[in-house]
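I have placed the structure first, in the form of structure tokens, so that the comments after it can refer back to it.
Values in this text are rule-based calculations from the coordinates and carry no lab data. From a predicted model like this one, the values you see are computed outputs, not experimental measurements. Positions of Cβ are generated from backbone atoms using ideal geometry, with glycine treated the same way; all protein chains shown enter the neighbour counts.
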């Protein structure tokens, strides 16, 4: 992730505080739908890494829905991590750490690895970044990797976001990661809308 993207999220945080908009979501309600799909494989007591945890909204969602497992949130924005440490200081099963995807190794020993929204920003080589990160997350996870992306099957393109062909990503996961791959492209985030993103679950073999 680049320093430009880091500055972008710092500015959003300055403008919106701990709201969903600070991490490029339209609303907390749409975030929750995203989290629901992303965490379909996670059981209440399994451990999870939230890679690109932002402001810990996924942890809020999980705890509200009965999740009791060990959680580790990783992000490259210092302000996010410091805010999370204060906000979740009473949660003894949750940790937050500053993390650089380019230099740090993903911690081992966690059942599930979640990657929410990390692939949406435009960078120098999105395809290379995607493949490298998925290989690293799959190697680190004990049971599964789940991630979401903006889809090329949309009726509108935002020039500030990056869109992946879900068939292309599915093919990469099947050939390079695992034969056990689930592609979800049937959910709508708002009350009225079009399925403009997709989620993929890659199960370990």
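The set of residues in the stretch 67-79 being assigned to a loop (DSSP other than H, G, I, E, B) and surrounded by fewer than 24 Cβ atoms within 10 Å (Cβ to Cβ) consists of 67, 68, 69, 70, 76.
Take the stretch 15-66 and flag every residue that is out of contact with any strand residue (DSSP E or B) (no Cβ under 8 Å at 6 or more places or on another chain), on the phi < 0 side of the Ramachandran plot and in a loop (DSSP other than H, G, I, E, B). 18, 19, 25, 26, 27, 43, 44, 45, 55, 65 - these are the residues of the stretch 15-66 that are out of contact with any strand residue (DSSP E or B) (no Cβ under 8 Å at 6 or more places or on another chain), on the phi < 0 side of the Ramachandran plot and in a loop (DSSP other than H, G, I, E, B).
The residue that is farthest from residue 61 (Cα to Cα), counting only those in the stretch 26-38 that are buried (at least 20 other Cβ atoms within 10 Å of the Cβ) and in contact with a helix residue (DSSP H, G or I) (Cβ under 7 Å, 6 or more places away or on another chain), is 31. Is the stretch 158-165 home to any residue that is in contact with a helix residue (DSSP H, G or I) (Cβ under 8 Å, 6 or more places away or on another chain) and farther than 23 Å from residue 3 by Cα? No, the conditions are met nowhere in the stretch 158-165.
Looking only at the stretch 134-146, count every residue that is over 22 Å from residue 196 (Cα atoms) and either touching a helix residue (DSSP H, G or I) at 6+ places or on another chain (Cβ under 6 Å) or in a helix (DSSP H, G or I) (or both) and tell me the total. Final tally of qualifying residues: 6. Exactly one residue among 69, 52 is touching a helix residue (DSSP H, G or I) at 6+ places or on another chain (Cβ under 9 Å), touching a residue at least 60 places away in the same chain (Cβ under 8 Å) and closer than 20 Å to residue 144 by Cβ, and that residue is 52. Residues that are closer than 20 Å to residue 133 by Cβ, within 17 Å of the chain's Cα centre (by Cα) and crowded, with 22+ Cβ neighbours inside 10 Å do not occur anywhere in the stretch 83-92.
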